[in-house]
Amino acid sequence: MTDQKSGELSPAAQLMAVEVISELLVSSSPHELGAVLTEHLRELTGARTVIVLLHDETRSPGHELLNVSPQRRSAMFTPEELELFCYKRFPELLPLTPDQLDERHPLSAPLRRAGIRSMMRYRLVAAGEIIGLLLLFDLHALHRIEEVNQIIALLSPPIALALKNAIAFRVIEQQALVLERRVEERTAELTEAQALLQVAVDSSPYPIMICDEDGRVLQLSAGWTRLSGYTMADIPTLKDWATASFGEKSPTAMEYLRGLFAIEKTAYNGEWSFNSKDGSTRTWDFQTTPLGRVSKGKRVLLVMATDVTERKKAEEERNRLEAQLLQAQKLESVGRLAGGVAHDFNNMLSVILGHANLALMDLPPGDRLQAGLEEIRKAAERSANLTRQLLAFARKQTISPKLLDLNETVGSMLSMLQRLIGERIELVWKPAPALWSVLIDPSQVDQILANLCVNARDSIKEIGSIVIETANSAVDTERCASEGVSPGDFVRLSIRDTGCGMAPETLAHAFEPFFTTKEVGVGTGLGLATVYGVARQNGGWVDVDSEVGQGTTVSVYLPRHRNKQVHEGGGLPEQPPPSGKETILLVEDESAILNIVTMMLAKQGYQVLPATSPKEAMELARNHRGKISLLITDVIMPEMNGQELAGLLLAGNPELRCLFISGYTADLIAHHGVLDEGVHFVQKPFSIPELAAKVREALA
């Protein structure tokens, strides 16, 4: 029979049960309990094989084999076959012997294969919950079945309870092991993370600092030390870093840094410029990230930076180049304007100035028209000077450079400059010994000195002084690069005054054409612009140092010229050269200018063959029987320019001399405004003495 009900147990059986229970109390794991149970139950019940199964619905099959006694019979059933013994599969009563089972019953075959002659099955229940199953096979004395039932009835509750407690203890142990393993894994991860962070910070090419709210610097990256020069020994605290890097601004820096420990997420701190250990200034782009209270309960900050020093330098260089480009574009625009205006404007001024000069020459002394004609002549000369200044600023004026000693050139102009600035201002001249030579048109030196001395004079309210000084100056690559010129030796011409000086906002516009702080009608705003244009046209530059109330110093740098030539002074002769009798072919497409120049030349005694076009000029040259000594031609004309005409006429008359006249050459006879060697040129408008001098120079 099977599934026996419990009855009363004899005193002997109860004593044996107590011994079993006492051993159960010292076993804490389910498998240990299984081993104790199977051994004792074999002894108590006389069964050949005892199996203890633990109910577990989370498994498949839904049980756990705790133990089989004896162990050699542990393989008599497969896990799937053991599952057939569970009440969930077959809750009905099982017979005592397998022979009583239907051959089709799933347990029939496994029992016969194992040679089982008898069997008994018992539930192990604790607090209404099925904990496990107890299986007894091959009992030796079937007449003891009632006693066995009593023993199992007595032992099953404490066995079930012991198993339940052991299972709970095992779960706790397993959870403890899992937790311990997780703690070990997490500890290892943290240790590895800390090591990786240490390596990352130590080897990072970027500046990284870790610091706490007490101001201690906990760690610096190699990038921080490499780029700033500071090590942990140099800046153990934030205060040390602020003092070393920011100097007088360190209190402000520290106040800002202390405030960062209150942030809750990454904050961008912007670009900071500071002093590195070697004294150079570096600019870093900072951001800070709070790491929480990870250092002995102290708030910790991660400070990361990107070195943008080179980028800032590149930006400054780009801004400088953009400013230079803008200035060049301004120059180009003004140059186009000046070139267009100069040609037509100078043509008209030539007519006005020429007729005024001729009229003044023909007037008897004291004539009532003389004063009016003088005013016309002066107005025309002032207008011509304004045009020349525009061309100078735009580096479009036509020049004929000479090798000069600025000491000699400036020295010869001192009396004129003193008259220009007036007696109330002292003029001091400080020439440098052994001054290097420069290659420049003497008239441009006049322009520089006149413009700068007039500006200096106007800045001095009452009495004061103007100092003109020369010096040799070797300029390095960095300084020259900022000015866009080649490094080397330069001659410096400085004009220093004790005037009112300029504010920074005024100084920023000092070289702009038509910018002036003078009253309306007092200045044109082209003084410094003209000086700037002259310096740039000759490969130099201009520096201005000015402070309100302290005066202004303008320094013009001109490149040294090493060729040894005879030094020449500037300016035209004060008296016109002798007149002549030669025949001159005059070509000018503007009839008004043709007429006035013809009259001016005739006034000097020359025979003039006037022509209004190159075609007419070539016709006159072919038909003229006498010798034509000089060709005077406008540069810009219809049909062909003056240089082309001169080439054609020279082919038939190699001894012919040429003199070009123009209000604007457009680089036809000059490259970048510098006259080609051997070319004679006179700028419109011109006076009779200027024209007469240039004619004799060309014929010489």
Based on the alpha-carbon gyration tensor of the chain and its eigenvalue square roots a ≥ b ≥ c, which shape applies: rounded if a/c is under 1.5, prolate if not and a/b is larger than b/c, or oblate? prolate
Set of aspartates and glutamates with alpha-carbon distance to LYS430 below 13 Å, sequence-local pairs under 8 removed: GLU408, GLU469
Packing-based exposure ordering (other Cβ within 10 Å, fewest first) of THR288, THR612: THR612, THR288
Just going by the charge dipole of the chain, with Lys and Arg at +1 and Asp and Glu at -1 on Cβ, which of SER443, LEU417, GLN71 is farthest out on the positive end? SER443
Can you sort TRP429, TRP284, TRP224 so the residue with the fewest Cβ neighbours within 10 Å comes first? TRP429, TRP284, TRP224
Need one word for the range 583-699: rounded, prolate or oblate. Basis is the Cα gyration tensor (sqrt eigenvalues a ≥ b ≥ c); a/c below 1.5 gives rounded, then a/b vs b/c decides. rounded
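Quick check: net charge around PRO98, other residues with Cβ under 12 Å of its Cβ, Lys/Arg +1 and Asp/Glu -1?
With Lys, Arg at +1 and Asp, Glu at -1, the neighbours total -1.
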Extension gain from SER482 to ASP446, taking 0.36 nm per residue of separation minus the Cα-Cα distance: 10.2 nm
Take each uninterrupted DSSP H stretch in the chain, measure its Cα extent along the helix axis, and return the ones at 30 Å or beyond whose mean Kyte-Doolittle hydropathy is at least -1.0. 145-203, 309-362, 370-393
Burial ordering of SER437, SER273, fewest other beta-carbon atoms within 10 Å first: SER273, SER437
ARG182 versus ALA602: modelled label distance in nm, points set 7 Å from Cα along the beta carbon direction: 11.9 nm
What nm distance separates the two modelled labels at GLN324 and GLU462, each placed 7 Å from Cα along Cα→Cβ? 4.5 nm
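Is the shape of the range 407-507 rounded, prolate or oblate, going by the alpha carbon gyration tensor and its root eigenvalues a ≥ b ≥ c, with a/c under 1.5 for rounded and a/b larger than b/c for prolate?
Because a/c hits 1.5 or more and a/b fails to exceed b/c, the range 407-507 counts as oblate.
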Mean separation of Cα contacts under 8 Å, 6 or more apart, over the residue count of the chain: relative contact order %: 8 percent
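Run the dipole for the chain about the Cα centre, Lys and Arg Cβ at +1, Asp and Glu Cβ at -1, nothing else charged, and hand back the magnitude in debye, nearest 20. Don't jump to the answer; show the numbers that get you there.
Details: 70 positive and 89 negative charges, 68 e Å.
Charge dipole, the chain, about its Cα centre: 320 debye, nearest 20.
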Quick check: net charge around THR191, other residues with Cβ under 12 Å of its Cβ, Lys/Arg +1 and Asp/Glu -1? -3
Modelled label-to-label distance, HIS31 and ASP543, 7 Å Cα→beta-carbon offset: nm? 9.2 nm
Need the C-alpha centroid separation for the range 266-338 versus the range 47-110, integer Å. 82 Å
Stretch gain in nm, segment ARG311-LEU363, where the contour uses 0.36 nm per residue and the Cα spacing is subtracted: 11.5 nm
Could you compute the FRET efficiency for LEU386 and ARG216, with r as their C-beta to C-beta distance and R0 at 60 Å, rounded to 0.05? 0.25
Which net charge results for the neighbourhood of CYS86, defined as the other residues with beta-carbon distances under 12 angstrom from its beta-carbon, given Lys and Arg at +1 and Asp and Glu at -1? -1
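None of the figures in this text is laboratory data; all of them are computed from the coordinates on show. Predicted, not measured: the structure shown is a model, and the values here were computed from it. Reconstructed Cβ throughout: ideal geometry from the backbone, glycine too, with neighbour counts over all protein chains shown.
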